[in-house]
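Notes for the one structure printed next.
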Amino acid sequence: MATAATIDRVGDGDVEAFRRDGALCLRGVLSSAEVALLTAGIEANLAHPSPRAKVASSRTDPGFFIEDFCSWAENESYRRFIFESRLGAIAARLTGSSTIRLYHDHMLTKEPGTRQKTPWHQDQPYYNIDGRMSCSFWIPVDAVSRPATLEFVAGSHLGPWLMPRTFLSDEARWFPEGSLAELPDIESRRADFPILGWAVEPGDVIAFHMLALHASGGVEPGRRRRVFSVRTIGDDIRHAPRSWVTSPEFPGLREILPAGAPLEHPLFPVMWRAGAPAG
Ligand SMILES: O=C(O)CCC(=O)C(=O)O
């Protein structure tokens, strides 16, 4: 799938930006065939959501925000996209890892006119993993405007873990109340934070660290915002079973993979390994 036009897109400056800011936009990384493959995967997913799918907008929202998780094993287009694109190689370069595994996939579609914003949060406190070598990709198959796109607080991935809460009802269902610092009120003091964000086109990919604080806007009437996220993990990531239900959940994993173990398990297949022949 990777073509001459899609290779050698990640330079030293990109690696520096990822490590300094915790997020960067890589332009034109995907070919039109890869975007078409991913679009087919998202449409198949929307037509047949898994039992893990969640509606993340309220009933009164004029649009609709739907998320689904961990669908790669049953969605052939997702599977081909994840394992045949250069995302694994890019994650290896950005994180400095010798092996990149898939952690999970996450579809996030906002239909036209969705008002529901995605509140500021870090991803890793919702997960069952410790370690720093992480790279998630936020991959739109539709053009996304600057007001609707994913935004980041630059450098926040270097700071502490912050309290994860439910997006709609603001409840602490993961770490117990008081056990992590609360998020600052970024929206009411935006000028005080180094906020990054990029309007994006199909083919562009946003890469970010799982501790980077991020949020997104609603979408304009008449514009869909279909996004697929590929979450990848590198060399130092370890299993951190929790006493609560993580998002996403990996049922039964705690019984077979001890705390502190690398995620060397078929649930987390290798996407890229140093020295392996290109596929
Ligand atoms: O797409 C969105 O609105 C939110 C995305 C997000 O939070 C993520 O990919 O971790």
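The values are calculated or read from the model by the stated rules, or taken from the named source; none is laboratory data. Predicted, not measured: the structure shown is a model, and the values here were computed from it. Here Cβ is always computed from backbone atoms with ideal geometry, including for glycine, and neighbour counts include all displayed protein chains. For the accessible areas, the whole protein counts, side chains as well, though only heavy atoms, and no ligand, DNA or RNA atoms are used. Shrake-Rupley method; radii C 1.70, N 1.55, O 1.52, S 1.80 Å.
Using the Karplus curve 6.51 cos²θ - 1.76 cosθ + 1.60 with θ = phi - 60°, work out ³J(HN,Hα) for each residue of the range 232-247 in order, rounded to whole Hz, and write x for Gly and Pro.
10, 10, x, 4, 9, 7, 10, 5, 10, x, 10, 8, 10, 7, 7, 10
Measure off, as a whole percent, the carbon and sulfur share of the 1.4 Å-probe accessible area of the chain, all protein chains present. Before the final figure, lay out the partial values.
On the way: 6540 of 12010 Å².
Using a 1.4 Å probe with all protein chains present, the chain comes out at 54 percent carbon and sulfur.
Output wanted: per-residue J couplings in Hz (rounded whole) for the range 93-102, from phi through Karplus 6.51 cos²θ - 1.76 cosθ + 1.60, θ = phi - 60°, x for Gly and Pro.
5, 5, 8, x, 8, 8, 9, 10, 10, 6
Mean residue ellipticity at 222 nm from the helices of the chain, using -39,500 (n - 2.57) per DSSP H segment of n ≥ 4 over the full residue count, to the nearest 500 deg cm²/dmol? Display every interim value, and only then the final one.
Values: 5 runs with 48 residues, N = 279.
Taking each H run of at least 4 residues, the total per residue is -5000 deg cm²/dmol.
How much length would be gained if the chain were fully extended between residue 276 and residue 132, taking 0.36 nm per residue of separation minus their Cα-Cα distance, in nm to one decimal?
Details: separation 144, 0.36 × 144 = 51.84 nm, distance 2.34 nm.
Between residue 276 and residue 132, full extension yields an extra 49.5 nm.
From the gyration tensor of the Cα coordinates in the range 48-257, what semi-axes in whole Å does the equivalent ellipsoid have, largest first, with each one equal to sqrt(5λ)? Write down the numbers at each step before the final one.
Details: eigenvalues 113, 93, 71 Å².
Whole-Å semi-axes of the equivalent ellipsoid: 24, 22, 19.
Write down the radius of gyration of the range 175-228 and its Dmax, each obtained from C-alpha positions, in Å.
Using the Cα atoms of the range 175-228, the pair Rg, Dmax is 14.9, 42 Å.
Given a 1.4 angstrom probe, what's the average accessible area per residue across the range 48-257, in square angstrom? Could the numbers behind the result be given before it?
On the way: 8400 Å² over 210 residues.
Computed with neighbouring chains in place, this is 40 Å² per residue.
Could you work out the Kirkwood radius for the range 59-121, taking every pair of different alpha carbons, averaging 1/r and inverting it, reported in Å? List each step's numbers first, then the result.
Details: mean 1/r = 0.0708 Å⁻¹.
Answer for the range 59-121: a Kirkwood hydrodynamic radius of 14.1 Å.
Which FRET efficiency value, to the nearest 0.05, do you get for residue 244 and residue 53 by plugging their Cβ-Cβ distance into 1/(1 + (r/R0)^6) with R0 = 25 Å?
Details: r = 20 Å, r/R0 = 0.82.
Plugging the Cβ-Cβ distance into 1/(1 + (r/R0)^6) gives 0.75.
Looking only at 148, 212, 47, which one moves most when the chain is put into a Gaussian network model with springs between Cα atoms under 10 Å?
47
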